Amino acid sequence: MSPVPDVPVPPDSAPAAPAPPDSVLADAVLERLVAAYAPAADPVRAEGAAAYMKHVAPFLGIPAPERRALSRTVLADLGRPEERDCAAVALRCWRLPEREYHYFAADYLRRYANRCTSGFLPVLHRLVTTAPWWDTVDVLAAYVAGPLVAADPALVRAMDRWIDAPDIWTARTALLHQLRHKEATDAERLFDYCLRRADHPDFFIRKAIGWALREYAKTDPAAVRDFVAGAGTRLSPLSAREALKNL
């Protein structure tokens, strides 16, 4: 893995927190979730996980395979959520300090992104800018923001605003939201976003530019080669190297 900065970069500003809506389903999920996760905590493993993630949040110390198995038991027989349930689960999980609860929420939204509409965007923005780090932001970008924009093209205008945000995690979300769009990628917009943030000094923006281009190169390698060549020194060496890694 490439080196990363020693400390998380906080957002320049965070939006006002949306209040979790009432949800009987979220009540059941959270009750089961805390009951399942808390006894599985491992303080020693938690310390190492927090250090690896630059102490962006405390951890319970539950290994990923065990956490996913516990999550399946939490969700057994609970049924599919509506958008308000997704919002309630995510916002309530994010209010819990330990990172594993955030992972659960991100996975939950990934599974049920198709239950959400453009009205979910303020909730997504809140999640992206609260205790932000690549481990949650990247899932939310590719698997929540991406499907939301694909389902409602009007949200493209929101991404056009997010790409210029001073908060790096909002901008990174805009850069990565097309990561899984393949042939449906709006290449003109992708390239425009990359150039608009090409001079940003932050590692996570430069890395995201390269990653987004590298992923699109699986669909149209010639277009990515031509773009990188045309951009020249406007792209950082990191971005260009990542973009062309598999070409």
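The values are calculated or read from the model by the stated rules, or taken from the named source; none is laboratory data. No experiment lies behind these values; they were computed from the predicted model shown. Quick reminder, even Gly has a Cβ in these numbers, built from the backbone with ideal geometry, and neighbours come from all protein chains shown. Side chains are part of the model used for accessible areas, which takes the heavy atoms of the whole protein and leaves out ligands, DNA and RNA. Shrake-Rupley method; radii C 1.70, N 1.55, O 1.52, S 1.80 Å.
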With the first residue restricted to the range 104-121 and required to be more than 14 Å from R84 (Cα to Cα) and part of a helix (DSSP H, G or I), and the second required to be at pLDDT 95 or above and of a type in the set (S, T, N, Q), Cβ contacts under 9 Å at 6 or more apart or on different chains are F104/S71; A106/T136; D107/S71
Counting only helices (runs of 4 or more DSSP H) wholly inside the range 135-214, the ones holding at least 1 residues that are at pLDDT 95 or above, open to solvent by less than 20 Å² (accessible area, probe 1.4 Å) and closer than 27 Å to E98 by Cβ are 146-151, 168-176
Note: among R92, R126, R84, just one is among the basic types (K, R) and touching a Ser or Thr at 6+ places or on another chain (Cβ under 7 Å), namely R84
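Each row is one residue, and each column tells you yes or no for (1) in a helix (DSSP H, G or I); (2) under 29 Å from F204 (Cα atoms); (3) modelled with pLDDT of 95 or more; (4) not polar (S, T, N, Q).
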site: D12; (1), (2), (3), (4): no, yes, no, yes
site: L25; (1), (2), (3), (4): yes, no, yes, yes
site: L33; (1), (2), (3), (4): yes, no, yes, yes
site: V44; (1), (2), (3), (4): yes, yes, yes, yes
site: A50; (1), (2), (3), (4): yes, yes, yes, yes
site: V56; (1), (2), (3), (4): no, yes, yes, yes
site: I62; (1), (2), (3), (4): no, yes, yes, yes
site: R72; (1), (2), (3), (4): yes, no, yes, yes
Exercise. Assess whether A69 counts as being free of Cβ contacts under 8 Å to residues at least 24 places away in the same chain, more than 20 Å from I163 (Cα to Cα) and open to solvent by 20 Å² or more (accessible area, probe 1.4 Å).
Key: yes
Restricted to the range 95-121 and to residues being open to solvent by 50 Å² or more (accessible area, probe 1.4 Å) and under 14 Å from the mean Cα position of the chain (by Cα), the residue farthest from A150 (Cα to Cα) is D107
